[in-house]
Amino acid sequence: MQTIRITKDAARAFLIRAFALESWQSLPDVDTAIQRLEFVQEDSIPICGRMHELILWPRVKDYAPEKLAEALYGPDASAFEIHFPNLAALPRADYPHFVRRKKARQAEPGRWQGLFPEEEPVAAAFLKALDTHGPLSTRRHGNDFGHMRSGWGTQATVVSQVAEKLWLHGTLGIAHRKNFERYFDRLERVAPDLAQWHQKESSELPDLEETKRYLARKRLKAKALFRPGREDKATLGESAFCKVEIEGLTKPWYCLIEEASLLPLSGGGIEGGGLGGLRLLAPLDPLVYDRQRTREIFDFDYTWEVYVPAAKRKWGYYVLPILHDGKLIGRVDLKRDTKTDSLQVLALLWEPGVAADWVMPPTEERLQELGQFLNVSRIDRRPTTG
C-alpha cells in the first residue's frame, strides 16, 4: 500500500479542495456540485435554511433552492433522491446500482420492505387516486385509512407508510415538493428514464459485486479522507487505498489511490484574506461530517446538537461552523424568525486564539448574505459571544 506523509495544513487544504470550498461559489451549477460531492444530504428542518440549501449555497454560483428542485424534478432532471444511508440527492447515473435493492425490498413484508396484506388495498386506492388526480401528497388521503406508529415512534397515517414503501420499491417517484412535503406519482410518469431500469432483466442490471464495489468507492470518495473498515478493504482490496500519515497524528488516515496525487505536500494554496476566505458551513457539511476527522485535522470539537436535550447542549440547537483561511475558527447559532422576518444570531463563539476583531467583518458580511439568501428583512444579534 502506498504511503504519503503530509502536514496537517496540507491535509486541511486537501479536504477543503475536495469539498469545493476553496473559493466562494466556485461550482457552476447544482449538477456539478452533486457530482463533485458524490451526493448532497437533505434534511427537512428549516431553522436557517435546510441542510441541503446550506451545503449548496457556498458552493454553487448564484444558488437558489429552486435550482436543486429543478435538478431533482425538472424536465431535464439530472439527480434523484434515495437513502444513502440518509436522504440524499445523487446523480441520475447512479440509479442502476439501486434497482436490485429496490426490487429486493418487495420480496417479504416488513416495516421498510414489502407491503403487508392489509396495506395492499391502501396501495391500490392511492395509486388509483394518482391516476385520477395526478401528483398527490399523502396528506390528502391521510384520514381515509387510519393511523399507525411510524419508524420514528410518532403517529403516522397508514397511507404515508404505504407511499413510503412504494417509493422505496420504485413504484412511485417524487413529482415535486412543497415546503419539503413530497408529492408522489407513478415513477413512469415522474421519471421514465429511471422507470425503464425496473423493466430490465436481471442480466441487464449491474451485478451485485459490481454494485457493491461501485457504492463502496462512491461512499469513500465522498469522505475524501477516511479510515476504511474491514468490509471496505475486503470489497475494494488493499491496493485501492493510499495511507496518509499526517504530522502530529499517531493514527493514519486514508484516501482512494486515485486521489493520492491531489494531496499537497504542504498547506499552501488555500485562498487567504478577506471575505473570500470565510464560509458558513451547514451543520452536516461534508467537511465537518466526520467528527473524529474534524477534531484531529482541524483541532475543532464539533457535534450537531439538534437532537441533544437543551440542558446538555454545549453550543446551541442549529450551529453553523465557520471556516476561514483553511481553519475552523468558530461557530454561530442561528434561527430564522418568521414572525419578525429576521435571522437571529443567538450566539457567536470563537475558538481560542482567534482575533475576533479581525474576522468579524467577513463574518458580518456572510451573515448579511445568508439573510439575503433566506429573504429576511434584517439580522438580529444577541450579545452572546465568546
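The values are calculated or read from the model by the stated rules, or taken from the named source; none is laboratory data. These numbers come from a predicted model, not from an experiment. Ideal geometry is used to build each Cβ from the backbone, glycine not excepted, and the neighbour counts take in all protein chains shown. Each accessible area value is taken on the protein alone, full model and side chains, heavy atoms only, with ligands, DNA and RNA left out. Shrake-Rupley method; radii C 1.70, N 1.55, O 1.52, S 1.80 Å.
Observations on the structure shown:
- T235 falls short on exactly one of the conditions (1) surrounded by 17 or more Cβ atoms within 10 Å (Cβ to Cβ); (2) out of contact with any strand residue (DSSP E or B) (no Cβ under 7 Å at 6 or more places or on another chain); (3) within 18 Å of F39 (Cβ to Cβ); (4) not acidic (D, E), and that condition is (3).
- Within the range 323-378, tally of residues that are out of contact with any strand residue (DSSP E or B) (no Cβ under 8 Å at 6 or more places or on another chain) and of a type in the set (A, V, I, L, M, F, W, C): 4
- Residue list for the range 174-214, restricted to those being in contact with a Ser or Thr (Cβ under 9 Å, 6 or more places away or on another chain), hydrophobic (A, V, I, L, M, F, W, C) and either part of a helix (DSSP H, G or I) or within 20 Å of D131 (Cα to Cα) (or both): F184, L187
- Checking each residue in the range 153-170 for being touching a residue at least 24 places away in the same chain (Cβ under 8 Å) and not in a helix (DSSP H, G or I) picks out only G170.
- Out of Q41, Q35, Q25, one residue alone is touching a strand residue (DSSP E or B) at 6+ places or on another chain (Cβ under 8 Å) and touching a residue at least 60 places away in the same chain (Cβ under 8 Å). It is Q41.
- One residue alone among A33, A20 is more than 19 Å from G371 (Cβ to Cβ), in contact with a Leu (Cβ under 6 Å, 6 or more places away or on another chain) and surrounded by fewer than 22 Cβ atoms within 10 Å (Cβ to Cβ), and that residue is A20.
So that you can scan it fast, the table gives a plain yes or no per residue for (1) of a type outside the set (F, W, Y); (2) surrounded by fewer than 15 Cβ atoms within 10 Å (Cβ to Cβ); (3) under 27 Å from I16 (Cβ atoms):
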| position | (1), (2), (3) |
| --- | --- |
| E66 | yes, yes, no |
| A89 | yes, no, yes |
| R92 | yes, no, no |
| P96 | yes, no, no |
| Q106 | yes, no, no |
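- Filtered residues of the range 244-262 (kept if open to solvent by 60 Å² or more (accessible area, probe 1.4 Å) and over 20 Å from L215 (Cα atoms)): E245, E247, G248, T250, K251, S261, L262
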